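Asker: Dropping a structure here in structure tokens format, bear with me for questions.
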Amino acid sequence: MVAYDDDDDDDDGVVICGAAGGIGQPLSLLLKQSDLITHLALYDVVNAPGVAADLSHINTRSTVTGHGKDGMEEALQGAHTVVIPAGVPRKPGMTRDDLFKINAGIVRDLAEGVARHCPGAFVLVISNPVNSTVPIVCEVLKQHGVFNPKKVFGISTLDVVRSSRFASELSSAIDPKTTRVTVIGGHSGVTIVPVLSQIPGGFAQSLSKEQLDALTHRIQYGGDEVVKAKDGAGSATLSMAHAGARFTNAVLEATVAGKTGLVESTYVNLAADSESTAAFRAKTGLEYFAQDVEFGREGVSKIRSLPALSEHEQTLLDAAIPELKVNITKGTAFITDNS
Ligand code: NAI
């Protein structure tokens, strides 16, 4: 039985920053279905009141409010959870650096807002490049003295979703809905390491090297399929909204409803569980990493140790680590060098 919180503050309010965008709108629609949310606050620099008015007619529990350009403070005030899909998506011909420059500033400004108006909130980052935007959020919160590593997450769930789906296309024994694949590393290209060897029934072991390489590449670069097919009209939005809602619901189930045993792969600051990750941090020098995380009332309750990796996966991880370090440093330096 879910314990609802019906007092006047916003301690089970969820804010979506970038709510009128390609991801923001379907994500808001999916979260409007949740019984765990009393207040869904939609913030965007354009069109948020319209999206909010539309969603507010749906007969589910939450009240929906829309907050335009000057409404960030009002939207964030006292929030329980802040989900950030604000930014620009990748377009054909756009370099990662172009994307970084724009989105880094947007995410920094939103993190400043979180630090000022809801410093205890769970912060769930979708805006890319996640490998760098999560360190940006953490650095801003550190500067304000309100950083809690257990409460900041990079949503890498789309890699997990794609892994399950793409694997199921190669084997009828795999139910894409119930087969959860651990994805470690980070959330772009070579930093995405799907641990396919853990799929029960010897799935990965039954594939040829070519098949395994092709499947891994498809998961790592799945976003490119969508960018190409949309032909200039944006990147993954609907599948991302599904992944974002799945992750946000898991966080809410654990933190609002107190459900235990929930696990998702997510990109976090390893200080969230310094004990379990001490040896890994010492060996790799990484401060951030995507791994299976167990959720609790406080957010991260445990970062699981690495699963046993096949030789193929170990090679992928070895390639991921240097790239991840560059991405993390870039995010961290964006704040520390400009302050
Ligand atoms: P979009 O352009 O359709 O929507 C972004 C929204 O953010 C727009 O409505 C825009 O007005 C809003 N926005 C811009 N600056 C803002 C600010 N300072 N405050 C509040 N809102 C602001 O883009 P889309 O497709 O929804 O993608 C959003 C982000 O998600 C991009 O960074 C994209 O790269 C990323 N993404 C992440 C994925 C993941 O797996 N984590 C997958 C796909 C995209």
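Asker: Note down all Cβ pairs under 7 Å where the first residue falls in the stretch 74-87 and is touching a residue at least 12 places away in the same chain (Cβ under 8 Å), the second is within 11 Å of the ligand (Cβ to nearest atom) and aromatic (Phe, Trp, Tyr), and they're at least six residues apart or on different chains.
Answerer: ALA75/TYR43
Asker: Sticking with this structure for a sec: Quick one: what pairs do we get from the stretch 180-199, first residue in a loop (DSSP other than H, G, I, E, B), second away from the ligand (no atom under 14 Å from the Cβ) and aromatic (Phe, Trp, Tyr), C-beta under 8 Å, 6+ apart or different chains?
Answerer: Here the result reads GLY186/TYR288; GLY186/PHE289, each pair linking the stretch 180-199 to a residue that is away from the ligand (no atom under 14 Å from the Cβ) and aromatic (Phe, Trp, Tyr).
Asker: Can you tell me which residues in the stretch 155-170 are without any contact (Cβ under 8 Å) to a residue 40 or more places away in the chain and buried (at least 16 other Cβ atoms within 10 Å of the Cβ)?
Answerer: SER164, ARG165, SER168, listed by residue number.
Asker: Which of the residues that make up the stretch 200-218 are on the phi < 0 side of the Ramachandran plot and either loosely packed, with under 14 Cβ neighbours inside 10 Å or without any contact (Cβ under 8 Å) to a residue 12 or more places away in the chain (or both)?
Answerer: Passing the criteria: PRO200, GLN205, SER206, SER208, LYS209, GLU210, GLN211, ASP213, ALA214, HIS217.
Asker: On to the next question. Conditions first: (1) closer than 20 Å to HIS242 by Cα; (2) more than 13 Å from the ligand (Cβ to nearest atom); (3) buried (at least 22 other Cβ atoms within 10 Å of the Cβ). VAL83 passes all but one, so which condition is the exception?
Answerer: Checking VAL83 against (1) closer than 20 Å to HIS242 by Cα; (2) more than 13 Å from the ligand (Cβ to nearest atom); (3) buried (at least 22 other Cβ atoms within 10 Å of the Cβ), the one that fails is (2).
Asker: Here's something else I'd like to know. How many residues, within the stretch 142-153, are more than 17 Å from ALA254 (Cβ to Cβ) and either surrounded by 24 or more Cβ atoms within 10 Å (Cβ to Cβ) or free of Cβ contacts under 8 Å to residues at least 24 places away in the same chain (or both)?
Answerer: Count: 3.
Asker: Give me the residue from the stretch 102-117 that is farther than 20 Å from LEU324 by Cβ and either small (Gly, Ala, Ser) or buried (at least 24 other Cβ atoms within 10 Å of the Cβ) (or both) and, out of that set, nearest to the ligand (Cβ to nearest atom).
Answerer: So, considering only residues that are farther than 20 Å from LEU324 by Cβ and either small (Gly, Ala, Ser) or buried (at least 24 other Cβ atoms within 10 Å of the Cβ) (or both), the one nearest to the ligand (Cβ to nearest atom) is LEU110.
Asker: Here is a follow-up. Quick check on my filter: what residues within the stretch 122-141 are more than 15 Å from the ligand (Cβ to nearest atom), without any contact (Cβ under 8 Å) to a residue 60 or more places away in the chain and not in a helix (DSSP H, G or I)?
Answerer: none
Asker: Anything in the stretch 146-179 that is out of contact with any Cys (no Cβ under 7 Å at 6 or more places or on another chain), part of a loop (DSSP other than H, G, I, E, B) and closer than 30 Å to GLY120 by Cα? List them, or say none.
Answerer: Matches in the stretch 146-179: VAL146, ASN148, ILE155, SER156.
Asker: Taking ALA229 as meeting all but one of (1) more than 16 Å from the ligand (Cβ to nearest atom); (2) over 20 Å from the mean Cα position of the chain (by Cα); (3) not acidic (Asp, Glu), write down the number of the exception.
Answerer: For ALA229, the failing item is (1).
Asker: Which of the residues that make up the stretch 35-67 are crowded, with 20+ Cβ neighbours inside 10 Å and in a loop (DSSP other than H, G, I, E, B)?
Answerer: LEU36, ILE37, THR38, ASP44, SER62
Any read-out appearing in this document is the output of simple, stated calculations on the displayed coordinates, not a laboratory observation. Here the structure is a predicted model, which is why all the values come from computation and not from measurement. All Cβ positions, glycine included, derive from the backbone under ideal geometry; neighbour counts span all protein chains shown.
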